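Read through the structure below, which is laid out as structure tokens, and then see the notes.
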Amino acid sequence: MSKRGQTKLLGNPRPDLEQLFRQGQKGYSGADGCLSFPLSKGRDLWMFGDTIVGGRNHPEPLVMPRNSVGVLHSDRKGSREFSFHWKEKKGVPYDFFDPPKSGQWLWPGTGCLSEDKIFFFLRRMRTDMGGQSEAFHFAYAGPWVIRVENPKDNPDDWIQTPLEVELPRSVMWGSASFADPDGYVYLWGGASGRRGAGIVVARTPAEQLHRGRADRWEFFHRKGEEVVWSRETSRLATIIPETPSEISLSYLKKRKLYLIVYGNWKKNLVGLRVAKNLMGPWSPYLQVYSPPEPTWCDQYFCYASKGHTELDPTETELIITYMCNSHDIWRLTEDDRVYYPRFISVPLDEVEKVLTDI
């Protein structure tokens, strides 16, 4: 992979898009996660993790559902508006996706639209206090799959059906998903431990998920240069060597390229890889941006980088979001610059110039 005279990072801030989240609809005051995918023409679904409702510039007291969703509505004139959705419990905002059992909650995860249904691949989480604040002490408790039967309806009216899922719990599933025209739904997850680290891949026939079965998976292996799929769960092959917990995975139809976006919060990176085939080989990681927010305060860190290809169907630029959070959670109530999605744009022609010979 050659780099043709790359002298600066390709990403540029897009504060104009951030205003979509700062209009305060329904008391929304910020969230992380921020995965998106199109539902239909003019309707894009956004998935959020911990969501601030009220507080900040709102008169209502601050509460934080563990997950929520939003629908970005667009019209032919180019105007855009969000609707945000969560449930209520005894009049108080509550998780959009119900926790599977007491003491657990659900975080996205990923999701994809397959024919006329949405499949959400969520993560069951539980508190792992260790004598510390709950905000940053939690443990993965396994995957969870929810099928939405009626995605054309308002999310408040969605019929959510949990599916029995059977996947190795040693992998944190739900990093990314993709409904492929080949009839399979692909699910990515992060593996770590003595067997090695990296992103591994499972797949299942889409028709099995439509029938309510999330327990018929086969896994990505390699035999030399050959891609092999097997029910065997040991020694899974990795598709990329890093283990980011959050990734966006998209297909650029005009450019005939697959695209993944992810960051590294410890190194303060936002970057991407591209490939001609879903199973690779994937290009080297290209850093496109270094968020400035950690220079504002030594408690701030950035994470959850995601690409949103549906925001520019011309494929001229790639819109990316990332999140800024604080190790001191009280700063979230004091500094409304953080805990809203931060937007950048990356010119895709320049990406292709830098990443060649995939």
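A count restricted to region 294-310 and to residues that are of a type in the set (A, V, I, L, M, F, W, C), surrounded by fewer than 21 Cβ atoms within 10 Å (Cβ to Cβ) and not in a loop (DSSP other than H, G, I, E, B) stands at 1.
Of everything in region 207-225, what is part of a strand (DSSP E or B), crowded, with 16+ Cβ neighbours inside 10 Å and not acidic (Asp, Glu)? Give them in sequence order.
Ala214, Phe219, Phe220, His221
Pairs meeting the criteria (first residue in region 99-114 and on the phi > 0 side of the Ramachandran plot, second residue buried (at least 22 other Cβ atoms within 10 Å of the Cβ) and of a type in the set (Lys, Arg), beta carbons under 6 Å, at least 6 apart or on different chains) are Gly109/Arg123.
Against the numbered list (1) in contact with a helix residue (DSSP H, G or I) (Cβ under 9 Å, 6 or more places away or on another chain); (2) outside any loop (DSSP other than H, G, I, E, B); (3) not polar (S, T, N, Q), Val228 comes up short only at (1). Only a single criterion out of (1) surrounded by fewer than 20 Cβ atoms within 10 Å (Cβ to Cβ); (2) touching a residue at least 12 places away in the same chain (Cβ under 8 Å) is not satisfied by Leu236, namely (1).
Mind listing just one residue for me: the one in region 76-96 that is of a type in the set (A, V, I, L, M, F, W, C), touching a residue at least 40 places away in the same chain (Cβ under 8 Å) and touching a Ser or Thr at 6+ places or on another chain (Cβ under 9 Å) and, of those, surrounded by the most Cβ atoms within 10 Å (Cβ to Cβ)? Checked region 76-96; the qualifying residue surrounded by the most Cβ atoms within 10 Å (Cβ to Cβ) is Phe96.
Of all residues in region 52-69, one or more are closer than 19 Å to Arg123 by Cβ, part of a strand (DSSP E or B), at pLDDT 90 or above and touching a Leu at 6+ places or on another chain (Cβ under 8 Å). Residues in region 278-309 that are aliphatic (A, V, I, L, M) and at negative phi: Leu278, Met279, Leu286, Val288.
Within region 70-120, take every residue that is hydrophobic (A, V, I, L, M, F, W, C) and part of a loop (DSSP other than H, G, I, E, B) and give me the one that is nearest to Ala141 (Cα to Cα). Can you show your working first?
Within region 70-120, the subset hydrophobic (A, V, I, L, M, F, W, C) is 71-72, 82, 84, 86, 92, 96-97, 105-107, 112-113, 118-120.
Of the ones still in play, those that are also part of a loop (DSSP other than H, G, I, E, B) are 86, 96-97.
On the way: Trp86: 23, Phe96: 19, Phe97: 16 Å.
Per the criteria, the residue is Phe97.
The values are calculated or read from the model by the stated rules, or taken from the named source; none is laboratory data. These figures come from a predicted structure and were not determined experimentally. Heads up, the Cβs are rebuilt from the backbone with ideal geometry, glycines too, and the neighbour counts pull from every protein chain shown.
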